[in-house]
Every structure is written in C-alpha cells, then in structure tokens.
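Quick notes on the structure that follows.
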Amino acid sequence: MAINSLISMLGALDAALSLCTRCGLCQAVCPVYSVTGNEADAARGKIFLLDGLASHLFDDPAGVSERLDRCLLCGACEAECPRGIKITQTYIAARSILAEYMGLSLGKKVLFRQMLARPERFDRLAAWAARFQWLVTRPAGLLSSPVSQNMVSPLLINRWVPALPITPFHRMEIPERPTEVKGHRVAIFAGCLIDKVFPDIAVAMIEALKYHRADISVPAGQGCCGIPALSSGDMKSFQSLVALNLERFNPDDFDWLVTGCATCTAVIKKIWPEMSGWQIGSKNHVRLKRISEKTIDFSGLMIDIIGVAPMKTGSSSPLVTYHDPCHLKNSLGVMEAPRKLLCASNAFRFAEMKDADTCCGMGGGFCLSFPDISRSLGDRKRDRIMGSGADVVATSCPACMIQLADLSITAPRSFGVRHVAQIYADGLRLCRPQPSDAS
Ligand code: SF4
Ligand code: SF4
C-alpha cells in the first residue's frame, strides 16, 4: 500500500479519536468487558490503543489487530457515547488500515475476494455444501432442523448450527403480483443468511407483504451487504459488493427496500453511504443515499408504514419473547416495532424477558475466534429466555438465530427460535380477516 494513502487513513482516524474525552461511559455497556473485566476490551481501552496506532503499527501490528478483534461490533458503546463518536466505524477503519499494512490472510482473501464478492460462485459453493452436508453432520436428537457439524466440530467449537436448505431463497419461485396491486412497492434485500440458511424467513415476509397487498419485487443477482469482508478489514471486497448491489437495486423502482436481517439493515442504512468509496455528491453516492434512505427493517415497515395493529390472543396461546439484535437496537434505535409486530400475531402471547437488549454473543466470526466469551454471553441470554417462561424466542436477525438455536439445544428446557416475520405469518394463517384496502 502507498505510504501516503496509509498516512491519510491514519489522519482520518485521528480526527475521530480526538473527540473522545475518556469518560468511560462506554465501558459499562460493553458485553465483552462484562465477561472479561479487562479495561482494554471496552471502547475506551481500544480508543486509547488506536490513538497511538501510527507508532504501534510498526512495533506490534499483530498485537493491535488481536486486541481490536476482541469486539462484537455490537455498537452498545456507540449508542452510549455522549460525544457521538462513530466507534464501530472507527474500529472498522482501523482494521482496514491494519489489513492494508499486514495483508489479508490467504484464507480471508479466498473467502472474501473469490467467494463472497462473486455471488454466482458463492451460490454454487452453498448449493454444494447443502447437498453434501450429510457427510459431516448429524441431527440434534429429535430436532430435525439443527445439526451439529460433527466431523468439523473442532473448527466450529462444537457448536450446533442449522442445516442448510437444499433450495435457497434466490431459487424459489416468487408468488406472482396480484393483478390489482394497491400497496407499497417493496423490494426485498435477502442477505446471505436468509438466502442460504433461513429462506423460510423470506417466505414469511412475502406472505405478510402479500396479505397487505404490497407490490413485491426481488431483484435478481443480489450480493452480500459486505459486512463480513469489511469487519475483517477487506475494504476492497466490501466496496465491490456495494457497487454490485448498487447496479441491482434501482431506487426509482421501489418505495421501500426491506430486509429481515438487522445487520443488513444497519449496514445498508449507515455504512454503505459512508464507506462505499464513492465521492459525496457523485451520481453513485446520490443513488446509494436514496437506497439507504428507503431501507427499513421488516417490522418497521409492517408497523410504522403499513400500520399493522395488535391482535387479541387466547390465554392458552404459546408465549413468545423477544431478543433485541444489537444492530437493530444499538445502531438504528429500533425496539418497539418488533414487539408490536409480535403482539399483532394472534398465534402467540408476548412476554418480555429481562435484559432483552444484551448481546447474545454471536458477533459474526467473533463466536469462533473467542468461543469462551461468546459462550458466557450466550449462557446469560439462555437463562433470561428460560426465565421469561417463553416457549419461543423471536428476533429480527438470522445471525442471532444461529446463536439462539445453539443455546436452545443445550438448555435444560428447549425453546423454539423464530424470526418476527414467521411469528406474524403464523398469526395470519389463523383466520385473520382480509384487510378492506391496502393499509
Ligand atoms: S463513551 Fe465516548 S467519549 Fe466516553 S470514553 Fe467511550 S468513546 Fe470516549
Ligand atoms: S462494539 Fe460492543 S463489544 Fe465492541 S467495544 Fe463497543 S460495546 Fe464493546
């Protein structure tokens, strides 16, 4: 990398870091700090480290990188910071500087540049993995869906993970539009996990949107939102994925771009416009801004835009509780809409759990890099779910669902794990009256 480019990246980082007053408010809310008690793990400690990045970069780049990786990118610190520092973006920028300086590992290069950034190749790999997963997996007892990656379990730290469906969402037939569409024009951004692991979430979203007479479109050839690459410092793959999606989604064609993934929503709304590399005011940047302004989480669309109302449920209906995904609550401040959507399903009764907004410990690759911290956070979450008495825990993020499914299998009393869209769609199937008009 050109040294001038590195110096300019470090200068931009310094400007963000200079805002920090070292007040320490971020420490109290940091889930990693709550487990380790190590001040260097909280945002203040990391900012202190980054403040001297220019000198540390040459002394001990691997050490800096390792300490920066001890972060879930959950955004709890950012939501608390009185100085409004974009802490997670600062970490991401620092990881990108380190990756440029040290170079990406071969594994990450192959994963991000040869797979993730090439959707057709990634789709083929996922199809191959789904077809042959039976060779390395076994079912989890009586539960048919989750499986353990038996032979590769050392790599996955003995975690239970959901089975890959044979038919991903992008290969499913999308129901035809009603002849007289009256509702909002809604484009669906599936995201990798919903497309390849939980296509039933997208099916439930479509069922609900159809019920409310939305004009649904699913642009073909969608790519990943780019966050796995970006959080590993691979800015190049991230920016190529943003450019690819920019071609696929024309903001003139929809009123809302909806996702069922909290992380995709936060990344498209907040990170795409800021880290795409397009110059502010350029044609592509303007288009990106329009896309990000129209992007909304599924529950926000249903409650705030479509106006779905609460339903009465029978006292014998099963109980559902809600886990707040960090990227929805901390990054976007969305807490009410998913709960209201759960209360709009007449198939369940809602019960709040304690500490619903604390991190489940998933954090993308964090759960594999730091399994003990991830497990401690997961155990706390599992106890809270059990304490609520709920039969099912719902959430708005497929990544959280992977962690919650693993927790369910190891819990003394197992519980279901669903997406809020599935809970709402369950209610629709119980003889809900047709709306008189698109609302
Ligand atoms: S809350 Fe903000 S200002 Fe305070 S120490 Fe943390 S990052 Fe710095
Ligand atoms: S993003 Fe989350 S895990 Fe990382 S420092 Fe902030 S609060 Fe801690």
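The values are calculated or read from the model by the stated rules, or taken from the named source; none is laboratory data. From a predicted model like this one, the values you see are computed outputs, not experimental measurements. FYI the Cβ positions are ideal-geometry reconstructions off the backbone, even for glycines, and counts take in every protein chain you see. Note: accessible area is taken over every heavy atom of the protein model, side chains too, but ligands, DNA and RNA are not part of it. Shrake-Rupley method; radii C 1.70, N 1.55, O 1.52, S 1.80 Å.
Quick notes
- Test: residue in region 40-56 that is away from ligand 2 (no atom under 15 Å from the Cβ), within 17 Å of G365 (Cα to Cα), over 21 Å from the mean Cα position of the chain (by Cα) and buried (at least 18 other Cβ atoms within 10 Å of the Cβ): no
- Set L73, L98: member being in a loop (DSSP other than H, G, I, E, B) and either more than 16 Å from ligand 1 (Cβ to nearest atom) or at pLDDT 90 or above (or both): L73
- Enumeration of residues in region 67-84 that are of a type outside the set (G, A, S), within 12 Å of ligand 2 (Cβ to nearest atom) and open to solvent by 30 Å² or more (accessible area, probe 1.4 Å): R67, D69, R70, E78, E80
- Of all the listed residues (S8, S18), the sole one being within 14 Å of ligand 1 (Cβ to nearest atom), open to solvent by 50 Å² or more (accessible area, probe 1.4 Å) and modelled with pLDDT under 85 is S18.
- Options V64, V110; residue that is away from ligand 2 (no atom under 13 Å from the Cβ), surrounded by fewer than 19 Cβ atoms within 10 Å (Cβ to Cβ) and closer than 24 Å to F238 by Cα: V110
- P318 vs. criteria in contact with a Cys (Cβ under 7 Å, 6 or more places away or on another chain) and open to solvent by 50 Å² or more (accessible area, probe 1.4 Å): no
- The single condition among (1) touching a Cys at 6+ places or on another chain (Cβ under 8 Å); (2) in contact (Cβ under 8 Å) with a residue 60 or more places away in the chain that N245 does not meet is (2).
- Cross-chain or 6+ apart pairs with Cβ under 7 Å, region 84-95 first and within 19 Å of Q27 (Cα to Cα), then among the charged types (D, E, K, R) and open to solvent by less than 30 Å² (accessible area, probe 1.4 Å): Y91/K46
- Residue within region 351-365 that is of a type in the set (S, T, Y), under 13 Å from the mean Cα position of the chain (by Cα) and within 13 Å of ligand 2 (Cβ to nearest atom) present: no
- With respect to being β-branched (V, I, T), at pLDDT 95 or above and more than 15 Å from C400 (Cα to Cα), I305 fits the description.
- Index of the failed condition, K270 passing every other in (1) in contact with a Pro (Cβ under 8 Å, 6 or more places away or on another chain); (2) more than 18 Å from V218 (Cα to Cα): (1)
- Entry remark, region 394-414: residues being surrounded by fewer than 24 Cβ atoms within 10 Å (Cβ to Cβ) and either in contact with a strand residue (DSSP E or B) (Cβ under 8 Å, 6 or more places away or on another chain) or within 17 Å of E352 (Cβ to Cβ) (or both) number 6 in total.
- Any hit, region 225-239, residues being under 22 Å from D426 (Cβ atoms), open to solvent by less than 50 Å² (accessible area, probe 1.4 Å) and not acidic (D, E): no
- Those residues of region 330-355 which are touching a strand residue (DSSP E or B) at 6+ places or on another chain (Cβ under 6 Å) and part of a loop (DSSP other than H, G, I, E, B), in sequence order: V334, F348, A351, M353
- Taking the criterion of being more than 9 Å from ligand 2 (Cβ to nearest atom) and either open to solvent by less than 20 Å² (accessible area, probe 1.4 Å) or at pLDDT 90 or above (or both), the residues of region 85-95 that qualify are I85, T90, I92, A94.
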